[in-house]
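Here is the structure we will look at, set down as structure tokens.
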Amino acid sequence: MSSIALFPCLSTLDSGIIGELSNTLTLKVYTDNNLFSETAAKFGGDPERLKKMMYNKTSVFNQFTLEKEKAVNMFREILAEKLSAPVQYLFHGFLTSLIPPQVTEVLRVLVVDKKEGRIERAVKTGLSKSEAKKKIRNHDISAFSWTDFLFEKEAYDSSLYDLVIPVEAKDHRDITKEILGCFHKTSVLRTPESQKAVQDMKLAATVENLLLANGHKLAVKAQDGNITLVIKKSVLNITGLSKDLTELVKQVPGVQEVSIEKHKSYVDSVYRQQKFELPSKVLFVDDEREFVQTVSQRLISRDVGTYGVYDGKEALDLIAEDSPEVMVLDLKMPGMHGVEVLRQTKEIAPEIEVIILTGHGTTKDMEECMQLGAFAYMNKPVNIEELSATIKAANDKVHATKTV
């Protein structure tokens, strides 16, 4: 029961290749959209949100929410089920990056072409040249963001694939023949070793799910029931953390032994267990960079996840493409005044709770801000505990509204 995984390179010859391969080999086509639907059905949630987790760039707040890691974990669990089923698949989409190379019954393929050829092919579908360039560029940005998140590699890095085929002067039939030539080799057969790798993939996904639920972001490797956890960030008491992680992971059925490894970048930053019940999507807007950085670090040490920007336009741009839940906003900034930022924020995303924090506000400013829907109005210098408590109260209001 061998399968093929074709990573998309927009405007090559994917559609023709998929048709030829699925008909010749009687493969069941399984795409990203199938994965989104099945993941939402099994775990709950919105397929469109899962789509954004895969295709959009990683949220600036993800370091505090681990939303993308959780989505990827669910995707892996669904894929492991597919790979253990008695069905031959033609996987097509970004999901193919989630199939481990140890699962040797799947031939991982990339068909690539030069940008000029891709643009020319896209134009033939009815797009203008500028539309074609934009569509291909956006696809490549998504692809590179995805593989960078997973492997810290570019999407079209040959090391991620078993077979890379340049289009050159070939048509989809020529490329299909090349793929079939590799597919029929004995090295791409379902074997006990390959299915054992699928079971390892399942176990690793189960362990990772438990770790993420408890706020731990770690690389997980599984082999024959033995789990290796890789810590990328330094921790003051690694012995204590290792003990806690081992006790947690040993709760998972099928786990035999647990070992802890330090990643090569271990000393570069500090490990933190995320507490999801606390604010994790706080946008800090102030033109005083040092103030933003200092206060943000003090808030992060209190488990308040913040991201700083330094003018109103940058804040509105981020809101348009990301999803902050609480904003701490200065009034007097170069360019756009804080009151206007508040007004536009409430128009774009009224669910965001805005805390005004200013050293130059007037009574009139305060009245106007509260009328526009500000959650609180605070003056600098501010007590960090008071600010932290106010942010947490705003966060509680956001989440109370979400559950209604």
Around Val112, which amide H atoms from residues at least 5 apart in sequence, or from another chain, sit under 5 Å from its own amide H, with H modelled in the peptide plane? Ile165, Val167
Extent along principal axes [Cα atoms of the stretch 89-210; Å; largest to smallest]: 49, 37, 21
A convex hull over the alpha carbons of the chain yields, per residue, a volume in Å³ of 169 Å³
At q = 0.20 Å⁻¹, what is the log10 ratio I(q)/I(0) for the stretch 1-84, with the Debye formula run over Cα points and no solvent? -1.02
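Using alpha-carbon pairs under 8 Å, 6+ residues apart, how would you state the relative contact order of the chain in percent? Please report the intermediate quantities before stating the final value.
Working: 630 pairs, mean separation 57.8, N = 404.
Rounded, it is 14 percent for the chain.
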Can you give me the long-range amide H partners of Val106? Hydrogens built in the peptide plane at 1.01 Å from N, cutoff under 5 Å, separation of 5 or more residues or another chain. Ser3
Result row for the chain, helices from DSSP H with C-alpha axial extent 18 Å or more and mean Kyte hydropathy at least -1.0, is 67-84, 129-151, 192-213, 384-403
How long are the three semi-axes of the equivalent ellipsoid of the stretch 239-297, in whole Å, if each is the root of 5 times an eigenvalue of the C-alpha gyration tensor, listed from largest down? 35, 16, 8
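Which order do His399, His263, His360 take by accessible area at a 1.4 Å probe, largest first?
On the way: His399 75, His263 55, His360 120 Å².
The residues order as His360, His399, His263, largest area first.
What do you get for Rg/Rh over the stretch 145-264 if you use C-alpha atoms and the Kirkwood form of Rh?
Values: Rg = 19.3 Å, Rh = 17.4 Å.
Over the Cα atoms of the stretch 145-264, Rg/Rh equals 1.11.
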Charge dipole of the chain built from unit charges on the beta carbon (Lys, Arg +1; Asp, Glu -1), centred at mean Cα; most positive-end Cα among Pro279, Thr345, Ile165 is Ile165
Kindly give the semi-axes, whole Å and largest first, of the ellipsoid equivalent to the stretch 101-156, taking each as the square root of 5 times a Cα gyration tensor eigenvalue. 27, 15, 8
Going by a ≥ b ≥ c, the root eigenvalues of the Cα gyration tensor, does the stretch 1-147 fall in the rounded group (a/c under 1.5), the prolate group (a/b larger than b/c) or the oblate group? oblate
Which value does Rg/Rh take for the stretch 271-379 over its C-alpha atoms, Rh per Kirkwood? 0.95
Just to be sure I follow: if Rg is taken over the C-alpha atoms of the stretch 189-236 and Rh is the Kirkwood radius over the same atoms, what is Rg/Rh? 1.09
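Could you pull out the pairs from Lys82/Lys217; Lys70/Lys202; Lys275/Lys397; Lys57/Lys133; Lys221/Lys250 whose alpha carbons sit more than 23 Å apart here?
Lys82/Lys217, as the Cα separations exceed 23 Å there.
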What FRET efficiency would be calculated for the residue pair Thr24, Glu247, taking the C-beta separation as r and a Förster radius of 35 Å, to the nearest 0.05? 0.10
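Taking the solvent-accessible surface of protein heavy atoms with a 1.4 Å probe, what is the per residue accessible area of the chain in Å²? Present the calculation step by step, with values, prior to reporting the outcome.
Values: 19920 Å² over 404 residues.
Here the per-residue accessible area is 49 Å².
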For the stretch 92-164, which whole percent of the accessible surface, found with a 1.4 angstrom probe, sits on carbon and sulfur atoms? 50 percent
Please report the Cα spread of the stretch 138-185 along all three principal axes, rounded to whole Å, starting with the longest. 32, 25, 11
Of the options Ser388, Ile78, Thr26, report the single residue whose Cα projects farthest towards the positive end of the charge dipole of the chain (beta-carbon charges: Lys, Arg +1; Asp, Glu -1). Thr26
In nanometres, what is the gap between the two model label sites at Thr362 and Lys275, each 7 Å from Cα along Cα-to-Cβ? 4.1 nm
Quote the relative contact order of the stretch 135-257 in percent (integer), defining contacts as alpha-carbon pairs under 8 Å separated by 6+ residues. 15 percent
Please give the length that would be gained between Ile348 and Gln293 if that part of the chain were fully extended, namely 0.36 nm times their separation in residues minus their C-alpha to C-alpha distance (nm, one decimal). 17.2 nm
Can you give the accessible area of Glu277 in Å² (nearest 10), computed on protein heavy atoms with a 1.4 Å probe? 130 Å²
Once neighbouring chains are kept in place and the probe is 1.4 Å, which whole percent of the accessible area of the stretch 179-265 is contributed by carbon and sulfur? 52 percent
Estimated vicinal HN-Hα couplings, Hz - the stretch 223-228 in sequence order (Karplus 6.51, -1.76, 1.60; Gly, Pro = x): 8, 6, x, 9, 10, 10
In square angstrom, rounded to the nearest 10, how much accessible surface does Phe375 have for a 1.4 Å probe? 60 Å²
Cross-link reach list, aspartates and glutamates versus Lys170, counting only Cα pairs under 17 Å and skipping chain neighbours closer than eight places: Asp14, Glu20, Asp113, Glu116, Glu120, Glu178
Counting only residues 5 or more places away or on other chains, whose amide H sits under 5 Å from the amide H of Met378 once H atoms are built in the peptide plane? Ile356, Leu357, Thr358
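The values are calculated or read from the model by the stated rules, or taken from the named source; none is laboratory data. Bear in mind that the values here come from a model prediction, so they are computed numbers and not experimental data. No Cβ is skipped: glycine too gets one built from the backbone with ideal geometry, and neighbour counts run over all protein chains shown. Accessible surface is based on the protein model in full, side chains and every heavy atom, while ligands, DNA and RNA are left aside. Shrake-Rupley method; radii C 1.70, N 1.55, O 1.52, S 1.80 Å.
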